[in-house]
Amino acid sequence: RREPFLALGGFDARAYPHPSIEDIEFGLRLHGAGGTILLDPNIQGTHHKHWTLGLMLQTDIRNRALPWSRLLLRGGKPSTILNVDPTARLSSLLALITLLSGAAILFFPWLWPLPLLSLGMMAILNRGFYRLCFQQGGCPLLLTGISLHGLYFLYSLLSFSLIFVEQRLVPQRDTLIKILQWALLVLLLGITVLSLLTGLRDSFTHPAADLISRAREYAVFKEGLYPMGILVPHPVPEGFPYTVYPPYALPMFAVFFGIGGLAQGWAVVRILSLLSLGLIGWIGWRSLRFAGPAAACLGALGPAAISGNSYGLFQGQFSMVCMGLISLQWLLLQRQRPVAAAFCWAAAMLKPQIALTFALPLLKPPNRGGLLLGLSALLLLGGGALFYTHVAPFHYLSVWLEPKRLNFAHAGTINLIHLLGPGTAVLLIVLTLGVAVGFRQMASGKRVPFWRQSSAHAFIARAFDQGVPSLRLQGLCGVLGCLMFYHHPYDNIMLYPAMLSIFALSLRKPKEGWLMILAVAMAITLWAPLHIVANNKMFQFISAGVWILVGLTLLLSTSHPQERRWSER
């Protein structure tokens, strides 16, 4: 009637300047004021419009779904009539499940029954409408009706979800973000603990093949034989060890196997690995705690969550032990104790593919003396091992000059030496560093001769903060070594400084969203399940690309005062 229509102010032309759901909004006001509304399906009309798919989507989403969702949420008690009855809600959920499960079978083919099941349930719920489509137009109209109906359910659900987030969640965004952060950290903690416990458990139930190989190599070395048959003057039995470790590593094995043999090695490697993870976690906590407790926990858990750690524990690898020594090297350099730092680096050279590039911080003038002492210690150990096994140094070097001796490197993950050969890889890295440093000098407006821009001294000088090496420099060393040298996924722990550095940079510059995207991508390459990291070449190529971007970002970035204060502590 005209009177109640005018009394309630009629349609809300301000909220709905274009034809939309003004009639539905007025109906809710009329009902709230005690009016009566008759819904009679016998009263029918026809819209004289030329409908197209684009016009249908535009009208249904912009002029109906979105404003209707706002209206329902504003009322606080969504209606169960018209297009929001329980059948429509369940059909919307089934349409979403059909879409997501249909996409998932591309990666998990065994899920193929799920989209068929959800689509069948949606057809049963809406069988009356689909029967009408079939009666009016046969199979073509039936298939078209099912497709458009499913599309309608999808955009209706997504529209309601969008408005729900806008009205109910965004006002509490900070609280929800904190809840989500801690939920993800708890999940990461669970995954990390489960992964490490699995690695320890498997090492109890299965023989650690790599550790057994090292023990056999040390046993042969103790007998005065070099564990490479070609370097032994007399014929060797079948199954004689073939070590790829450098000569100086053989005396170092005494720390692991010198008294108790394999049992001693098992215990020492596991204990030192867990202690190293503890030290690395403490460094991560200190590095990111400027951004709050959640970020500090991320820094502590992030390195331990690297998927290769569990396999390293299982196989008795020295990777975590070596990175613990590299971490000690960094802390000692911060305290200006270059000699002790250099001996930590020399001990970490047990795995040169991890430790070699971390010699860069030792090239700064005050630290060079320590580096010379560390190198001297390695030369003495290597020379002593060759003398003890009666192997001439030149004979040893001539053996490794044969290309076939490097075939073991092809078993590792993708690296530049593997792809391009040693000479090309080194040249490419030097050129990249020179170009990056040159661009940085150009951006700063300083005119510096190119020979100084590309020199190792100039690069290292810029990578230090007030005379001490930065975490950023550690990250660059890890990226450089991982991209250049032979390594396996259990060596990815060497990238933890780069991961911490890119997270720290993204947290200090929250407005530059691409930094956080790069940090998350870096974490995914390190936290992904081990079978993907080890066996999927495409994933390895993508990971290498992410690491290159992280390395260049760290190289071109400037250090933050917070990082300098951390170094001073």
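For beta carbons closer than 6 Å, sequence separation of 6+ or different chains, a first residue in the stretch 489-512 that is crowded, with 24+ Cβ neighbours inside 10 Å and a second that is outside any helix (DSSP H, G or I), the qualifying pairs are 490/317; 492/306; 493/306; 505/557.
Selection over the stretch 547-557 of residues that are assigned to a helix (DSSP H, G or I) and either surrounded by fewer than 19 Cβ atoms within 10 Å (Cβ to Cβ) or basic (Lys, Arg) (or both) gives a count of 4.
Of all residues in the stretch 247-273, those that are in a helix (DSSP H, G or I), crowded, with 17+ Cβ neighbours inside 10 Å and in contact (Cβ under 8 Å) with a residue 24 or more places away in the chain total 13. Residues of the stretch 280-316 being under 20 Å from residue 203 (Cα atoms) and either open to solvent by less than 10 Å² (accessible area, probe 1.4 Å) or small (Gly, Ala, Ser) (or both), which ones? Result: 304, 305, 306, 307, 308, 309, 310, 312, 313, 316. Restricting attention to the stretch 12-28, report how many residues are acidic (Asp, Glu) and surrounded by 17 or more Cβ atoms within 10 Å (Cβ to Cβ). So the count comes out to 2. Taken together, the residues in the stretch 91-131 that are touching a residue at least 12 places away in the same chain (Cβ under 8 Å), under 20 Å from residue 148 (Cβ atoms) and either open to solvent by 50 Å² or more (accessible area, probe 1.4 Å) or not in a helix (DSSP H, G or I) (or both) amount to 8.
Being assigned to a helix (DSSP H, G or I) and either at pLDDT 85 or above or charged (D, E, K, R) (or both) holds for only one residue in 451, 514, and it is 514. Residues in the stretch 179-206 that are under 18 Å from the mean Cα position of the chain (by Cα) and in contact (Cβ under 8 Å) with a residue 40 or more places away in the chain: 181, 182, 185, 188, 189, 191, 192, 195, 196. One residue stands out in the stretch 32-66 among those that are hydroxyl-bearing (Ser, Thr, Tyr) and either touching a Pro at 6+ places or on another chain (Cβ under 6 Å) or open to solvent by 100 Å² or more (accessible area, probe 1.4 Å) (or both): the one that is farthest from residue 4 (Cα to Cα), namely 46. Which of the residues belonging to the stretch 195-231 are among the acidic types (Asp, Glu) and open to solvent by 80 Å² or more (accessible area, probe 1.4 Å)? The answer is 223, and nothing else.
Restricting attention to the stretch 10-23, does a residue exist that is in a helix (DSSP H, G or I) and of a type outside the set (Lys, Arg)? So far as the stretch 10-23 goes, yes, one or more of its residues are in a helix (DSSP H, G or I) and of a type outside the set (Lys, Arg). Entry remark, the stretch 207-234: residues being part of a loop (DSSP other than H, G, I, E, B), in contact (Cβ under 8 Å) with a residue 12 or more places away in the chain and not small (Gly, Ala, Ser) number 5 in total. Residues that are open to solvent by less than 60 Å² (accessible area, probe 1.4 Å) and of a type in the set (Lys, Arg) within the stretch 132-169 are absent altogether.
The values are calculated or read from the model by the stated rules, or taken from the named source; none is laboratory data. All values derive from a computational prediction rather than experimental measurement. When we count neighbours, we look across all protein chains shown, and the Cβ atoms used for this are built from the backbone with ideal geometry, even at glycine. Ligands, DNA and RNA are stripped out before the accessible areas are found, and what is left, the full protein with its side chains, is counted by its heavy atoms. Shrake-Rupley method; radii C 1.70, N 1.55, O 1.52, S 1.80 Å.
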